[in-house]
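Undergrad: The structure under discussion is supplied below as structure tokens; questions concerning it will follow.
A short reminder: the numbers here are calculations on the coordinates, not readings from a lab. Here the structure is a predicted model, which is why all the values come from computation and not from measurement. So basically every Cβ, Gly included, is an ideal-geometry build from the backbone, and we count neighbours across all protein chains shown.
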Amino acid sequence: MSCTGPVRRILGCRLDGPTLAGALDLIRDFIASGRPHQIVTLNAEMAYRASEDALLRDIINRAALVTPDGAGVVWASRLLGSPVPERVAGVDLVEGLAARAAREGWRLFLYGAAPGVAEKARERLLARYPSLAITGTAHGYLSPAEERELLARLRQARPDVLLVALGSPRQEYWIDRHLKELGIPVAMGVGGTLDVLAGEVSRAPRWMQRLGLEWLYRVAQDPRRVKRVLALPKFILKVGGQALKARIKDARPAP
Ligand code: UDP
């Protein structure tokens, strides 16, 4: 099962256009089906990387759902003539998911981030949603042996939703490699979301989010991220090239 709707491609990556509520309904359907589904939250940096990384591109295009995580991909969808209705930021999707999971009894597992962070995120989520079932947590710096133990724990815990916070593209590769054998209905790469849920990192103020400047706030918080922001102008140029090509093709008279 995957998301239906117009097919949008940004630098060769599929992008779906669900609203936040629509994405949560799809997650409900994925869980009900019992079969494994990968969810990708696409931002400009990941799309640019995928345009040069065939495996990542393939993972994105095979995913059950690809949501517009960043302002860059929302902008690109407009320029390419197939706008998504709204940005569905990974953090908002996870917040909505936690609220819905508490109501519906979906079981979550949090994997990734520095030692202690997933556990803190779990405590803070439970303070907000006491009925939420979080079947386990693990940090994201495991040795190969510890990772094998984690896989065994996951098979036992049998969560409905696995949130993987290893950063992109590591989390997308990890999910792709393990999802089938784990048989978890929903696995989603969530980047720095556990850090936000744990209160280790704060989110940009609403006005910055509205202006599409969340990336700038994140760079101000952690200047090491500046290197990653350099992908943004490259993304813009490449999307501009894609839009131009599409227009030239459309303007050509039919043979
Ligand atoms: N991380 C991890 N293991 C690793 C590398 C990174 O658990 O080997 C975590 C890191 O601690 C952070 C998250 O992955 O919590 C990456 O967050 P970031 O904001 O960089 O995500 P991205 O923007 O790449 O999606």
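Undergrad: For region 1-115, with only Lys/Arg (+1) and Asp/Glu (-1) charged at the beta-carbon, what is the dipole magnitude about the Cα centre, in debye rounded to 20? Write down the numbers at each step before the final one.
TA: Values: 13 positive and 12 negative charges, 43 e Å.
Using Cβ point charges on Lys, Arg, Asp and Glu, region 1-115 gives about 200 debye.
Undergrad: What Kirkwood hydrodynamic radius, in Å, does the chain give when the mean of 1/r is taken over all pairs of distinct Cα atoms and then inverted? Write down the numbers at each step before the final one.
TA: Numbers: mean 1/r = 0.0533 Å⁻¹.
After inverting the pairwise mean of 1/r, the radius is 18.8 Å.
Undergrad: With a bin width of 10 angstrom, please list the P(r) values of region 194-233 as percents of all Cα-Cα pairs, from the 0 bin to the one holding the largest distance.
TA: Pairs per bin, as whole percents: 30, 53, 17, 0.
Undergrad: Can you work out D for region 1-144 in µm² s⁻¹ from Stokes-Einstein, where Rh is the Kirkwood radius over C-alpha pairs, the temperature is 20 °C and the viscosity is 1.002 mPa s?
TA: 132
Undergrad: Using the Cα centre of the chain as the reference point, and only Cβ charges (+1 on K/R, -1 on D/E), how large is the resulting charge dipole? Debye, rounded to the nearest 20. Walk me through the numbers on the way to the answer.
TA: Working: 38 positive and 26 negative charges, 137 e Å.
Approximately 660 debye in magnitude.
Undergrad: Would you please name the chymotrypsin sites (Phe, Trp or Tyr not before Pro) within region 81-166 that are DSSP coil residues with at most 13 other C-beta atoms within 10 Å of their C-beta? Present the calculation step by step, with values, prior to reporting the outcome.
TA: Working: sites: Trp106, Phe109, Tyr111, Tyr141; in loops: Trp106, Tyr141.
Sparse-neighbourhood loop chymotrypsin sites (Phe, Trp or Tyr not before Pro): Tyr141.
Undergrad: If you don't mind, there's one more thing I want to ask. Over the residues of region 148-197, compute the C-alpha Rg and express it relative to 2.2 N^0.38 Å.
TA: Relative to the 2.2 N^0.38 Å estimate, region 148-197 comes out at 1.10.
Undergrad: Based only on Cα atoms, what mean projected area does the convex hull of region 77-229 have, in nm²? Walk me through the numbers before you get to the answer.
TA: Details: hull surface 42.0 nm².
Projected area, direction-averaged: 10.5 nm².
Undergrad: Around Arg78, what is the net charge, scoring Lys/Arg as +1 and Asp/Glu as -1 over all other residues with Cβ under 13 Å from its Cβ? All intermediate terms of the calculation are to be shown ahead of the outcome.
TA: Details: positive: Arg8, Arg87; negative: Glu86.
Its environment carries a net charge of +1.
Undergrad: Right, next: I want the antiparallel fraction of DSSP beta bridges within the chain, as a percent rounded to 5.
TA: Values: 3 of 24 bridges.
The antiparallel proportion sits near 10 percent.
Undergrad: Here's another thing I want to ask about it. Counting pairs of alpha carbon atoms under 8 Å apart in space and at least six apart in sequence, what relative contact order in percent does the chain give? Present the calculation step by step, with values, prior to reporting the outcome.
TA: Numbers: 418 pairs, mean separation 57.6, N = 255.
It rounds to 23 percent for the chain.
Undergrad: Oh, and also: Out of Gly212, Gly17, Gly81, any idea which swings most in a Gaussian network model of the chain, alpha carbons joined below 10 Å?
TA: Per the Cα network of the chain with a 10 Å cutoff, Gly81 tops the list.
Undergrad: Hey, how many Å between the Cα centroid of region 145-169 and the Cα centroid of region 1-64?
TA: With region 145-169 and region 1-64 each reduced to a Cα centre, they are spaced 20 Å.
Undergrad: With the chain treated as a Gaussian network of Cα nodes joined by springs under 10 Å, which of Ala165, Ala32, Ala157 yields the largest mean-square fluctuation?
TA: Ranking Ala165, Ala32, Ala157 by mean-square fluctuation puts Ala32 first.
Undergrad: Hey, another quick one. Across 5 Å bins from the origin, how do the percents of Cα pairs in region 156-253 run, short distances first?
TA: All Cα pairs, binned at 5 Å, distribute as 2, 10, 12, 16, 15, 13, 13, 10, 5, 2, 1, 0, 0 percent.
Undergrad: Where does region 42-100 land on Rg(C-alpha)/(2.2 N^0.38 Å)? Let's see the in-between values first.
TA: Working: Rg = 12.3 Å, N = 59, 2.2 N^0.38 = 10.4 Å.
Cα-based Rg divided by the globular estimate yields 1.19.
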